[in-house]
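Okay, structure first, notes after.
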Amino acid sequence: MSTDLPPPAGAASDWTIPQDWSRYTPAENGMWDRLFARQSAMLPGRVAPAFLYGLDVLRMERPGIPNFDELSERLMKKTGWQVVAVPGLVPDEVFFDHLANRRFVAGRFIRTPDQIDYLQEPDIFHDVFGHVPLLAHPAFADYMQAYGQGGLRSLGFGALHKLARLYWYTVEFGLIRDGGDLKLYGAGIVSSYGESRFALEDASPNRIGFDLMRLMRTNYKIDDYQQSYFVIDSFEELLRITMETDFAPLYEALNDASDLSPDAIIESDVVLTRGTQAHARNMTRV
Ligand code: HBI
Ligand code: FE
């Protein structure tokens, strides 16, 4: 997205808009409740404990679409984050600038019943149910801010699409070790009825230990379940690796390294599951 686009009419110069929380209709609040009930039934035993803790301290199990001012007040006390409304996708620079200042931008609209299982643009259920609970976790909260700062820097290196893979394979589609088990934490998985089971339980995808350079070589699919998931040890470890890495030489090295396909397994990988890729094969068969 071009970074010099003006915000749409009615939006502030930083692209934020009022949530207008009191204007949600019963149907919209009902859609939230329906999605919430369906996803929370999946969570116990599958999702990272920090996610459940976030739902709890943010009081997200109360019915109806959450009020961003209330979420911000609770989050502010825990980790200094806020949730602000935007009309939809915002330019990269605007997105990163908000993250760098500990503001999470969320869509305020909710999907309609015919979009219950899939929609292209992130709605309030994906953004708030998927992303916001982990912002109550100190290390994850710092990681998100660091990502925003790194995002702004990456624009100067023309390296945004490499860095975007880090966001994709962690914040959106990451898995985390929990004792001897794997758990979900990526917002794209946690907010998806189908993928929350697929990512953990299906034999199709690869599950590979997190390696920053390797991950940033890996392409991803935006319109189907992932073919590989990357597994972190902890949010503290993810934050540490990100903070200790100088990304400038990494971007240099990435220019000389070939891209990897989403289903690739390479020699240096710590392979937790070698996927059958049956799902991806069936999807492409005509
Ligand atoms: N805008 N509202 C919104 N939400 C996003 O997740 C988002 C965005 N704009 C750009 C963007 N993401 C990308 O820059 C990153 O995911 C890399
Ligand atoms: Fe998202």
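Of all residue pairs spaced 6 or more apart or on separate chains, those with beta-carbon atoms under 8 Å, a first member in the range 20-41 that is within 18 Å of Ala106 (Cβ to Cβ) and at pLDDT 95 or above and a second member that is open to solvent by 40 Å² or more (accessible area, probe 1.4 Å) and assigned to a helix (DSSP H, G or I) are Trp21/Asp69; Met31/Pro113; Gln39/Tyr193. When Phe129 is tested against (1) more than 14 Å from the chain's Cα centre (by Cα); (2) within 15 Å of ligand 1 (Cβ to nearest atom), only condition (1) is not met. Say whether the condition of being away from ligand 2 (no atom under 15 Å from the Cβ), more than 24 Å from Gly179 (Cβ to Cβ) and either surrounded by fewer than 20 Cβ atoms within 10 Å (Cβ to Cβ) or among the charged types (D, E, K, R) (or both) is met by at least one residue in the range 43-57. Checked the range 43-57: no residue is away from ligand 2 (no atom under 15 Å from the Cβ), more than 24 Å from Gly179 (Cβ to Cβ) and either surrounded by fewer than 20 Cβ atoms within 10 Å (Cβ to Cβ) or among the charged types (D, E, K, R) (or both). Counted as qualifying within the range 173-286 are the helices (runs of 4 or more DSSP H) with 2 or more residues that are under 25 Å from Val128 (Cβ atoms) and under 17 Å from the mean Cα position of the chain (by Cα), namely 187-190, 193-201, 235-244. Residue by residue through the range 74-90, note down the ones that are more than 16 Å from ligand 2 (Cβ to nearest atom) and under 18 Å from Leu5 (Cβ atoms). None - no residue of the range 74-90 is more than 16 Å from ligand 2 (Cβ to nearest atom) and under 18 Å from Leu5 (Cβ atoms), so the list stays empty. Contact annotation: residue pairs with Cβ atoms under 7 Å, 6 or more positions apart or on different chains, pairing a residue in the range 178-205 that is closer than 20 Å to Ile124 by Cβ with a partner that is open to solvent by 40 Å² or more (accessible area, probe 1.4 Å) and modelled with pLDDT under 95, are Tyr193/Asp117; Gly194/Asp117. Can you say whether Ala141 is surrounded by 20 or more Cβ atoms within 10 Å (Cβ to Cβ) and farther than 21 Å from Ile222 by Cβ, as far as the supplied structure shows? So Ala141 fits the description; yes.
Is it fair to say Leu212 is surrounded by 14 or more Cβ atoms within 10 Å (Cβ to Cβ), out of contact with any Leu (no Cβ under 9 Å at 6 or more places or on another chain) and not small (Gly, Ala, Ser)?
On the way: surrounded by 14 or more Cβ atoms within 10 Å (Cβ to Cβ): yes; out of contact with any Leu (no Cβ under 9 Å at 6 or more places or on another chain): no; not small (Gly, Ala, Ser): yes.
Here the answer is no, as Leu212 does not meet what is asked.
Would you please name the residue that is farthest from the chain's Cα centre (by Cα), looking only at residues in the range 66-90 that are without any contact (Cβ under 8 Å) to a residue 40 or more places away in the chain and open to solvent by less than 20 Å² (accessible area, probe 1.4 Å)? So, considering only residues that are without any contact (Cβ under 8 Å) to a residue 40 or more places away in the chain and open to solvent by less than 20 Å² (accessible area, probe 1.4 Å), the one farthest from the chain's Cα centre (by Cα) is Ser72. When the range 144-178 is filtered for residues that are within 12 Å of ligand 2 (Cβ to nearest atom) and open to solvent by 30 Å² or more (accessible area, probe 1.4 Å), only Trp168 remains.
Among residues that are away from ligand 1 (no atom under 15 Å from the Cβ) and either in contact with a Ser or Thr (Cβ under 9 Å, 6 or more places away or on another chain) or under 25 Å from Phe198 (Cα atoms) (or both), Ala50 is included. Of the residues making up the range 265-283, none is open to solvent by less than 20 Å² (accessible area, probe 1.4 Å), of a type in the set (A, V, I, L, M), within 21 Å of Gly148 (Cβ to Cβ) and in contact (Cβ under 8 Å) with a residue 24 or more places away in the chain. The single condition among (1) open to solvent by 10 Å² or more (accessible area, probe 1.4 Å); (2) not in a loop (DSSP other than H, G, I, E, B) that Pro63 does not satisfy is (2). Every condition in (1) modelled with pLDDT under 95; (2) within 14 Å of ligand 1 (Cβ to nearest atom) holds for Gly156 except the one numbered (2).
I'd like the residue in the range 105-125 that is at pLDDT 95 or above and near ligand 1 (Cβ under 9 Å from one of its atoms) and, out of all such residues, is surrounded by the fewest Cβ atoms within 10 Å (Cβ to Cβ). Within the range 105-125, the match that is surrounded by the fewest Cβ atoms within 10 Å (Cβ to Cβ) is Gly107.
The values are calculated or read from the model by the stated rules, or taken from the named source; none is laboratory data. In this text, all values refer to a predicted model and were calculated from it rather than measured experimentally. Glycine also receives a Cβ, built like all others from the backbone with ideal geometry; neighbour counts cover every protein chain displayed. Heads up: the accessible areas ignore ligands, DNA and RNA and are worked out on the full protein's heavy atoms, side chains in. Shrake-Rupley method; radii C 1.70, N 1.55, O 1.52, S 1.80 Å.
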